[in-house]
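The values are calculated or read from the model by the stated rules, or taken from the named source; none is laboratory data. This one's a predicted model, so the numbers in the text were calculated from it and none came from an experiment. Neighbour counts run over all protein chains shown; Cβ positions are idealised from the backbone, glycine included.
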């Protein structure tokens, strides 16, 4: 038994040879970067920017989750937040983009400018 | 839980916070990722998690058993049982009702009264992908290409890692398991990962979703109500839609894995610029085509036993690749077209090599390959075989009506999707390098604003990714 166990590494636990598969992110781009904390900071800042400029989507998403004692206060807060962003004019870029896209969708060959 | 949703953003924030808090505690990080992955999977149906756990346990035990003996016959027996069990699970969930339907149709044709009952079980999302992971692991252990995984946590993470769990890329054990032995010394490539996420969101939310709702779905739903120009544009539209949909998922999976400190292989490389069908498969769903090559085509004999057997092996491999996509004859035809195309191309290779060297000849070759792929997509996308034939018949008639369904935006999106196939790689590298110079807060704000813009430009709600159903 001991003899078999000693033999095994050469049979089964050969050093892993990764297949010749190209990394999706090339080595040159992986030489510089950040830490897990920076990833968290970046995600939080990104989420904040989204909450500011896409406050309507945040409110819609929370409304879609249904009701309940936890969700209802959150939905109320999101609606108030969206109202505040609206008053500050920060929802205008979002609305403008949406309107522009609708116009593009409505274009037909005979109505092209 | 889909990547381009607020729910996923919240989920990722929690995972990122755990990764940041755990810093150098690598085992704890892996444990958190396993829990997060199972939570992610349970959002579809918690019962799927039992299947995933069973598949992981099977792979782990088979690997240990194969590694525990030097007896060739015993190793082969364990491998055979493990592969059969993996395929059995896949077969029951994915193909059982298809075989029952085919058997019942055959019985009716033969005038038999008795019909087999259907199981009508829900197809677990991503079952094909984790089955492929499991098979690749046990086969690689058997071949000695990968060390036996002795840590169940590592096996659980390899099988369930959430970025690739439901739609790939198929990450080989030999590629991923070594990354679980120790934390990567490399920094996290934040800028390229962010760029991939933004690119993926744009392709999925804007290009794929609008092409689907504005052109492809209505035309494929009623091909007889549309003229030739719309049918042709919808075919091109589907080629762009499926590329943008699937490659977007891969881009985001690669980026999410990178942000968590792991490397994934490339899965797409501008497939519609291919000058040969063989090259197309070296650029399209690379992780599946290399999987089929290494675990199916080569074990069948590959190109080692003469021309005829090479053609047979190509055809068989692509037929099985087609059936992998779903239990339907249309996928069989799709696979047969690609298998047959690859065999014919191989037959003609000496001639092609001599005549396709000049730029005009290469352009013609690219156009021929693209249109052949589009022809196969018609079978892939059509509701069933009959609709595919109606669609093909429609392409040959009614060319006087002009474009009715395909508006300027749809044509623009198709042009954009096809133009994207010819963008040089260095453009992505330059953009990522430029983003890399920005401070973290600037990157975060830029990403947030860009995502908000993509969300505003996209339609309400996000359709599931096409490859979820495979």
### Query
Tell me, which residue of region B:50-92 that is buried (at least 18 other Cβ atoms within 10 Å of the Cβ) and within 11 Å of another protein chain (Cβ to nearest Cβ) is farthest from residue B:142 (Cα to Cα)?
B:65
### Query
(1) in a helix (DSSP H, G or I); (2) within 30 Å of residue A:63 (Cα to Cα); (3) modelled with pLDDT under 95: which one isn't true of residue B:44, the others all being true?
(1)
### Query
Can you tell me which of B:140, B:230 is assigned to a helix (DSSP H, G or I), surrounded by 22 or more Cβ atoms within 10 Å (Cβ to Cβ) and free of Cβ contacts under 8 Å to residues at least 40 places away in the same chain?
B:140
## Note on the structure
Counting only helices (runs of 4 or more DSSP H) entirely within region B:373-457, those with at least 3 residues that are without any contact (Cβ under 8 Å) to a residue 60 or more places away in the chain and crowded, with 20+ Cβ neighbours inside 10 Å are B:440-457
### Message
With the structure loaded, tell me whether residue B:17 is surrounded by 20 or more Cβ atoms within 10 Å (Cβ to Cβ), out of contact with any strand residue (DSSP E or B) (no Cβ under 6 Å at 6 or more places or on another chain), in the same structural domain as residue B:134 (by TED's automatic domain parsing) and part of a helix (DSSP H, G or I) or whether it fails that test.
### Response
no
### Summary
Screening B:193, B:212, B:174, B:208 for residues that are under 20 Å from the mean Cα position of the chain (by Cα), without any contact (Cβ under 8 Å) to a residue 40 or more places away in the chain and not in a loop (DSSP other than H, G, I, E, B) leaves only B:174
### Message
Just to be sure before I move on: is residue B:268 over 17 Å from residue B:203 (Cβ atoms) and either within 14 Å of chain A (Cβ to nearest Cβ) or within 17 Å of the chain's Cα centre (by Cα) (or both) in the structure I sent?
### Response
no
### Message
Being exposed (fewer than 15 other Cβ atoms within 10 Å of the Cβ) and either part of a helix (DSSP H, G or I) or away from chain A (no Cβ under 14 Å) (or both) is the requirement here; does residue B:10 meet it?
### Response
yes
### Query
Scanning for something more than 19 Å from residue B:410 (Cβ to Cβ), within 14 Å of another protein chain (Cβ to nearest Cβ) and out of contact with any strand residue (DSSP E or B) (no Cβ under 6 Å at 6 or more places or on another chain), does region B:201-216 turn up at least one residue?
yes
### Message
Here is a check on your reading of the model: is residue A:45 at the interface with another protein chain (Cβ under 7 Å from one of its Cβ atoms), surrounded by 16 or more Cβ atoms within 10 Å (Cβ to Cβ) and either in contact with a strand residue (DSSP E or B) (Cβ under 6 Å, 6 or more places away or on another chain) or in a loop (DSSP other than H, G, I, E, B) (or both)?
### Response
no
### Task
Only one of these is without any contact (Cβ under 8 Å) to a residue 40 or more places away in the chain and crowded, with 22+ Cβ neighbours inside 10 Å: B:146, B:219. Name it.
B:146
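Table: residues versus (1) part of a loop (DSSP other than H, G, I, E, B); (2) closer than 30 Å to residue B:405 by Cα; (3) more than 14 Å from chain B (Cβ to nearest Cβ); (4) under 22 Å from the mean Cα position of the chain (by Cα).
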position	(1), (2), (3), (4)
A:69	yes, no, yes, no
A:72	no, no, yes, no
A:78	no, no, no, yes
A:105	no, yes, no, no
A:110	no, yes, no, no
### Message
Which condition from (1) in contact with a helix residue (DSSP H, G or I) (Cβ under 8 Å, 6 or more places away or on another chain); (2) touching a residue at least 40 places away in the same chain (Cβ under 8 Å); (3) within 23 Å of residue B:184 (Cα to Cα) is the one that residue B:28 breaks?
### Response
(2)
